[in-house]
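Working notes, beginning with the structure itself.
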Amino acid sequence: QGGGHGAGGRAGALMYIAGVVVLTVVLPLALAIVDRFVMHAPSGFLVLLAFWMAFWAGGVRLLMAGLRQTLRPELTTQQIFGIKGQEVLPVMREVGFANLAMGTLGVLSVLDRSLLVPAALVSGLYYGFAGLGHLFQGGLNLKRRVAMLTDLWVFAVLAVYLASTFLF
């Protein structure tokens with residue numbers, strides 16, 4: 001597996017990691033902070049963080065992953081999961097279609113606030129299940145460890161937001 005970096009090498013692994021961290025941690029946090037403390041948005045910080053998390057992690061990241069998985073499924077199967085061979089590519093392409101659908105909902109949530117709860121629910125569940133899948137599989141390469149940690153982070157934020165929305 002080349003240290004878990006696959007055909008993309010160390011530079012490719014670092015680009016992947018940077019992209020994932022920016023889309024799931026940096027941008028949602030930064031924009032929630034700016035909205036709340038600079039722009040003085042009336043919404044609470046958690047709502048703003050969930051709003052930007054649904055857009056960047058649940059929308060943009062999943063759309064990008066969906067495009068990659070649909071157009072070049074071997075990049076995900078080989079570089080992330082270390083699976084060689086052509087048999088799995090149609091399945092990865094189907095996963096790409098699901099990511100395109102979820103990502104579309106996440107992106108649209110920034111245009112229509114009524115879509116925030118559905119986007120947070122769908123993408124939160126997806127990231128939670130994906131994070132647990134990575135956690136229990138073991139033998140994680142660097143990309144999969146980063147994916148696991150950011151998946152669980154997105155799940156945690158969106159789960160707390162949804163719990164606060166439905167319980168309080």
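Observations on the model:
- Which of 102, 78, 39, positive extreme of dipole for segment 1-149 (C-beta unit charges): 78
- Ranking 52, 118, 15 by how far each Cα lies toward the positive end of the dipole of the chain (charges on Cβ) leaves 15 at the top.
- Highest-first arrangement of 115-128, 14-27, 54-67, where packing means the average Cβ count within 10 Å: 54-67, 115-128, 14-27
- Across all directions, the average projected area of the convex hull around the alpha carbons of segment 67-126 is 4.3 nm².
- Mean-position separation - Cα centroids, segment 93-122 and segment 123-147, in angstrom: 19
- Checking (i) 18.1, 57; (ii) 16.2, 52; (iii) 18.3, 65 against Rg and Dmax of the Cα atoms in Å calculated from these atoms, the matching label is (ii).
- Sequence ranges 96-102, 161-167, ranked by mean other-Cβ count within 10 angstrom, highest first: 96-102, 161-167
- Lys, Arg +1 and Asp, Glu -1 on Cβ, resulting dipole of the chain about Cα centre, debye, nearest 20: 340
- Heavy-atom accessible surface of the chain: percent carbon and sulfur, 1.4 Å: 74
- For segment 106-168, alpha-carbon Rg relative to the globular expectation (2.2 N^0.38 Å, N residues): 1.25
- Per residue, the chain exposes 51 Å² of accessible surface when a 1.4 Å probe is rolled over the protein heavy atoms with every protein chain present.
- Other residues lying with their Cβ under 15 Å from the Cβ of residue 23 contribute a combined charge of +2, Lys and Arg counting +1, Asp and Glu -1.
The values are calculated or read from the model by the stated rules, or taken from the named source; none is laboratory data. Model, not experiment: these values are computed from the prediction. Methodologically, a virtual Cβ is constructed for each residue, glycine included, from the backbone with ideal geometry; neighbour enumeration extends over all protein chains shown. Ligands, DNA and RNA are stripped out before the accessible areas are found, and what is left, the full protein with its side chains, is counted by its heavy atoms. Shrake-Rupley method; radii C 1.70, N 1.55, O 1.52, S 1.80 Å.
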